Amino acid sequence: MVSRLLLSLEEASLTYGGKPLFDGVSLYVSEGDKICLVGRNGAGKTTLMRLLTGELELDEGTRFCVPGLRIGYLAQKVDFKPEETVREHVLGGIQHQDGWQDKEHLADMALSALGVEGGLPMGTLSGGQLRRAGLASALMAEPDILLLDEPTNHLDLQAIGWLEQWVASYRGALICVSHDRAFLKAISQKTFWIDRGTVRTSPFGYAKFDEWAEQMLEQEARELQNMQKKLEAEVDWTQGGVTGRRKRNVRRLGELHRLREKLRADKASYNQTMRTIELDPIAPVLASKIICEFTHVSKSFVQDDQETVILNDFNLRVMRGDRIGILGNNGSGKSTFLKLLTGEMAPDKGSVKRGKTVEISYFDQNRTTLNPQKTLWQTLCPDGGEYVTLGQGADARTRHVCGYLKDFLFDPKLARDKVSTLSGGQQNRLLLAKMLANPGNVLILDEPTNDLDMDTLDMLQEILSDYQGTLLIVSHDRDFLDRTVAKVLAFEGDGKVEGVIGGYSDYLAFKQGKPVTQQEKPVVQTEAPVRAASRSSVIMSYKLKHEFETLPAKMDALGKELESLKTKLADGEFYQRDPKGFDTATRRYAEAQAELDRAEIRWLELDEIASATN
């Protein structure tokens, strides 16, 4: 049975801010469609949403919707009355509907699941709370078509899981923009891909998007090759006597010129789409073997005569090279843990000791280190000049600010624009560029994936995979955690912290009592011991087993290299003979020693896992 068409755009074109944004776009939304909308930052995802709602008018083309169609929209900025309560805001959109009183309990359930108190005035809410209240309002209205722009921003994992279940039971059509791959895979059955001013439609959900998009680009590449061959054939025809045939072949020559221009434009467009962010690996900055050690730490807060326990007799050692993902519901203690680690906050009991050579770079999800009144240029070159300094010490190098901006997919023409003119995703990208220029030896990333497009996420994952320092990531993006961390600390409230080796999937399997691929005990020692899977349920994945078996050979090779370098450097005439070679050998000796230290620590970790499988 064919579903009824609800909304469509036909041959739609729009110029926005003096820039052609869409040209000849056609798309169709039918009853029950569950659609994800993807595209790079700045491609026009939010603008397309506004076109679908009718908020923006088309320059050309037509917009059709069935009479009486109700469209709900969660925008990135929530409109509200400061004096109304959250509950009044959520119910306000449905009070004109029949039977709205029956939905009051549903609103209360939604607010509880999303972690917002219904009695609070809207004017007192934080940015994250406003987004959650706006999401609850959009869900309760139950329109024929619901448009959600980044609905998982500021949601914890429990709330994201609830939202996935709600979407699965929702009978209306849905169009969703999100950077959360796992969420999109769970909720979508069709994909709209904004690509170079047009919209391509895939009949599959996001789970098959990468495969489908690759096929589309391969087909485009073949078409470009065919166009190139046609152009070469036309050029061959013109050789040997164009002048003699000019009068009767003016049209064909005109076609040749148009074909050449079209090929040039299409190639440039294709190359832009295929372009990815590529950066040099981050130079290692040596740090102490022990980055930070928590010893019998307790921390709690008292509000309205009620005590909230964050940590209770908490013990943890963060080692150089650790890659730790930090999970937990809002208010469970993640931010407090980071403030204790950085020294911004002191424990009530116990001690927190940091290594003497620790250099921390912090990515703040609220982007407080970005000054909205400064330009992109001033942000990256705060001391003036036109070059960004990358790294430090002997490994430091410089890069022109425009070239560095281009690395992060910014148009160099934006260099003199103010930060306030950028979208949320662009601001996050700028903050990453600023931080990654000199990341130190400890990176703390607090919700780094908010508002980023998939290309920037892939870039960030590549950089973090090559990063040789210590990494701590607070995130509710399950796919991102699976790709970037080797351990998980889960803050579960009331001072309870779980520790598991692996990514989010391993933590979820552990919590569900399923056999897990990796398990560390104890990552965390608390008054309430970390629950562990039974010895028989612990298995070692092929990937970890291969790493465990190959590490001894790697450590042996590094040991031999260090001995060879040590012999070279002991030669008193080496420097006079080859100053450059001496400098290279000195730096390589330090790098090889750091690699050996990391390999030894990693081997000990894997040895514990291997022992648990026997």
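The values are calculated or read from the model by the stated rules, or taken from the named source; none is laboratory data. The shown structure was predicted, so the numbers you read here are calculated from the model rather than taken from an experiment. Note that we place each Cβ from the backbone using ideal geometry, even for glycine, and neighbour counts take in every protein chain shown. To get the accessible areas, we keep the full protein, side chains included, count just its heavy atoms, and leave off ligands, DNA and RNA. Shrake-Rupley method; radii C 1.70, N 1.55, O 1.52, S 1.80 Å.
At least 1 residues being buried (at least 17 other Cβ atoms within 10 Å of the Cβ), modelled with pLDDT of 80 or more and not hydroxyl-bearing (Ser, Thr, Tyr) is the threshold, and among the helices (runs of 4 or more DSSP H) wholly inside the stretch 504-614 those reaching it are 504-511, 542-569, 579-613. Total residues in the stretch 119-131 satisfying the condition of being assigned to a helix (DSSP H, G or I) and either among the β-branched types (Val, Ile, Thr) or open to solvent by 20 Å² or more (accessible area, probe 1.4 Å) (or both): the figure is 6. Filtering the stretch 200-222 to residues that are among the polar types (S, T, N, Q), surrounded by fewer than 16 Cβ atoms within 10 Å (Cβ to Cβ) and free of Cβ contacts under 8 Å to residues at least 60 places away in the same chain leaves Gln215, Gln219.
The single condition from (1) outside any strand (DSSP E or B); (2) exposed (fewer than 15 other Cβ atoms within 10 Å of the Cβ) that Phe301 fails is (1). Are any residues in the stretch 108-118 out of contact with any Asp or Glu (no Cβ under 8 Å at 6 or more places or on another chain), surrounded by fewer than 20 Cβ atoms within 10 Å (Cβ to Cβ) and in contact (Cβ under 8 Å) with a residue 40 or more places away in the chain, and if so, which ones? Correct list: Ala113 only.
Selection within the stretch 388-423: residues that are assigned to a strand (DSSP E or B) and among the aliphatic types (A, V, I, L, M). The member of this set that is least open to solvent (accessible area, probe 1.4 Å) is Val388. Answer yes if at least one residue in the stretch 493-503 is open to solvent by 30 Å² or more (accessible area, probe 1.4 Å) and either within 20 Å of Glu447 (Cα to Cα) or of a type in the set (Val, Ile, Thr) (or both), and no otherwise. No, the stretch 493-503 contains no residue that is open to solvent by 30 Å² or more (accessible area, probe 1.4 Å) and either within 20 Å of Glu447 (Cα to Cα) or of a type in the set (Val, Ile, Thr) (or both).
Pairs are defined by a Cβ separation below 7 Å, a sequence spacing of at least 6 or placement on different chains, a first member in the stretch 306-324 that is of a type in the set (Gly, Ala, Ser), and a second member that is assigned to a strand (DSSP E or B); the pairs so defined are Gly321/Thr470.
Just one of Ser269, Ser332, Ser361 is within 19 Å of Val442 (Cβ to Cβ) and either polar (S, T, N, Q) or at pLDDT below 70 (or both); which is it? From the options Ser269, Ser332, Ser361, the qualifying one is Ser361.
Residues in the stretch 355-387 that are buried (at least 17 other Cβ atoms within 10 Å of the Cβ) and of a type in the set (Gly, Ala, Ser): Gly355, Ser361. Set side by side, the residues Leu390, Leu414 differ, and just one is at pLDDT below 85, among the hydrophobic types (A, V, I, L, M, F, W, C) and touching a helix residue (DSSP H, G or I) at 6+ places or on another chain (Cβ under 9 Å), which is Leu390. Entry remark, the stretch 436-449: residues being open to solvent by 10 Å² or more (accessible area, probe 1.4 Å) and either within 16 Å of Arg483 (Cα to Cα) or of a type in the set (Asp, Glu) (or both) number 2 in total. Checking the structure you have, find out if any residue of the stretch 185-205 is under 19 Å from the mean Cα position of the chain (by Cα), over 29 Å from Gly68 (Cα atoms) and at pLDDT 90 or above. Yes, there is a match, as at least one residue in the stretch 185-205 is under 19 Å from the mean Cα position of the chain (by Cα), over 29 Å from Gly68 (Cα atoms) and at pLDDT 90 or above. Scanning the stretch 33-55 for residues that are open to solvent by 30 Å² or more (accessible area, probe 1.4 Å), over 27 Å from Asp411 (Cβ atoms) and not β-branched (Val, Ile, Thr) yields one hit, Gly54.
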